[in-house]
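Written out below as structure tokens is the structure these notes cover.
Values quoted throughout were computed directly from the atomic coordinates according to the rules given, and no laboratory measurement underlies them. Because the structure is predicted, anything quoted here is derived from the model rather than measured. Reconstructed Cβ throughout: ideal geometry from the backbone, glycine too, with neighbour counts over all protein chains shown.
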Amino acid sequence: MKDVLSQNEIDSLIHALSTGEIAEEEPQTSDTPVQVYDFRRPNKFSKDQMRTLQIVHENFARILSNFLTAYLRTPVQVTLASVSQVTFEEFIFSLPTPTLMSIFKASDNMGSAMLETNPQFVFPIIDLLFGGEGKTPKQIRELTEIELTVMRRIVNKILENLRYAWEDINELSPQIENMDTNPQFNQMIASNETVALLTLSTKIRDSEGLINVCFPFITLEPVIANLTAQHWFSNSQISGGVHSRMLETGLEDVDVELTAVLGSSTVQMEDFLQFEEGDVILLDQRVDCPMTLLVEEKPMFKIQAGVSKGRRAVQFLHAEGGEAE
């Protein structure tokens with residue numbers, strides 16, 4: 001049998017393939033899925049650990065949303081957008097300039113982590129706290145010293161809510177170590193270190209922003225054994241009252257507006273335009289009847305007007321439609 005084909009035999013084979021007389025052999029495929037693996041950057045967090053971090057920070061997003069809504073007295077939406085493990089360098093390069101980076105020590109048995117709040121989240125909060133409508137300036141700028149002081153207080157409250165979310169994994173006691181606004185100068189850890197990155201999307205009125213929580217692997221390593229769904233669920237059943245305590249603590253700092261209503265009356269516009277000093281308006285409330293106290297424009301209590309220590313005051317009689325308290 002010849003080992004080498006003649007030119008005529010080669011031409012015949014080519015012709016047979018082109019006319020379909022001989023079927024072209026299809027490449028063999030494997031049913032085993034192929035996964036890309038970068039040997040230069042091996043994953044340090046397992047799938048179970050990343051899933052547990054996702055569960056914890058989905059809970060954190062709900063807690064933070066409730067807190068900010070009560071604290072700012074405006075609807076705030078916070079949702080967990082993504083969970084990933086990247087290098088610290090990749091995380092830093094993804095940040096805008098300027099932005100607010102708060103490095104904090106997580107706990108006594110853990111190292112440092114970072115909470116990054118971008119301008120689209122920071123400026124609406126500052127605007128609301130300063131009496132504005134919660135808008136982001138068209139031109140992003142550096143924060144002033146006063147604004148940094150205000151945001152330091154806000155970041156502390158955010159970290160307090162993070163502590164609540166982590167109670168079932170490890171007891172955190174976050175303390176701010178440093179605050180910076182330029183990502184390129186941040187050297188919290190080596191650039192090639194692996195970090196767990198939790199990205200939360202925020203919406204404050206019409207402004208949509210982001211919050212990033214960055215946990216280096218070396219920070220979570222002391223508690224890595226606790227990052228399992230089984231550990232989280234077993235502890236969450238024991239500490240079921242954490243959300244109630246969180247809400248109570250958050251509500252303690254919320255200011256509410258109280259309004260004592262003497263009574264009301266209806267007048268025609270013609271009479272209103274002719275009001276003069278000394279005119280008397282008859283109200284729908286008798287002098288000896290209890291007044292109504294509004295809490296955030298909602299009737300909540302019946303009260304009696306009077307004087308205390310030389311100042312006008314009201315005495316609580318009972319809740320609206322309820323018994324004396």
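Sorting 217-224, 274-281, 58-65 by average packing, meaning the other beta carbons within 10 Å per residue, from highest down gives 58-65, 217-224, 274-281. Under the classification rounded if a/c is under 1.5, otherwise prolate if a/b is larger than b/c and oblate if not, where does segment 47-252 fall, given a ≥ b ≥ c as square roots of the Cα gyration tensor eigenvalues? Oblate, since a/c reaches 1.5 and b/c is not below a/b.
Applying 1/(1 + (r/R0)^6) with R0 = 35 Å to the Cβ-Cβ distance of residue 130 and residue 313, what FRET efficiency is obtained, to the nearest 0.05?
After rounding, the FRET efficiency stands at 0.70.
I need the shape label for segment 270-324. Rule: rounded when a/c is under 1.5, else prolate if a/b > b/c, else oblate, with a, b, c from the alpha carbon gyration tensor. Since a/c reaches 1.5 and a/b is larger than b/c, the shape of segment 270-324 is classed as prolate.
Among the lysines of segment 47-252, pairs that are 8 or more positions apart or on different chains and have alpha carbons within less than 21 Å of each other number 4. Net charge in the neighbourhood of residue 305 (other residues with Cβ under 13 Å of its Cβ; Lys, Arg +1, Asp, Glu -1) is +3.
Ordering 213, 267 from the fewest to the most neighbouring beta carbons within 10 Å gives 267, 213. In terms of other Cβ atoms within 10 Å, 146, 126, 176 run from fewest to most in the order 146, 176, 126. From the square roots a ≥ b ≥ c of the eigenvalues of the alpha-carbon gyration tensor of segment 99-213, which class results: rounded (a/c under 1.5), prolate (a/b over b/c), or oblate? Prolate.
All other residues whose Cβ lies under 15 angstrom from that of residue 289 are scored, Lys and Arg at +1 and Asp and Glu at -1, for a net of -1.
From least to most packed, judged by other beta carbons within 10 angstrom and beginning with the fewest, 228, 19, 117 follow the order 19, 228, 117. At an R0 of 51 angstrom, the distance between the Cβ atoms of residue 192 and residue 259 translates into a FRET efficiency of 0.30.
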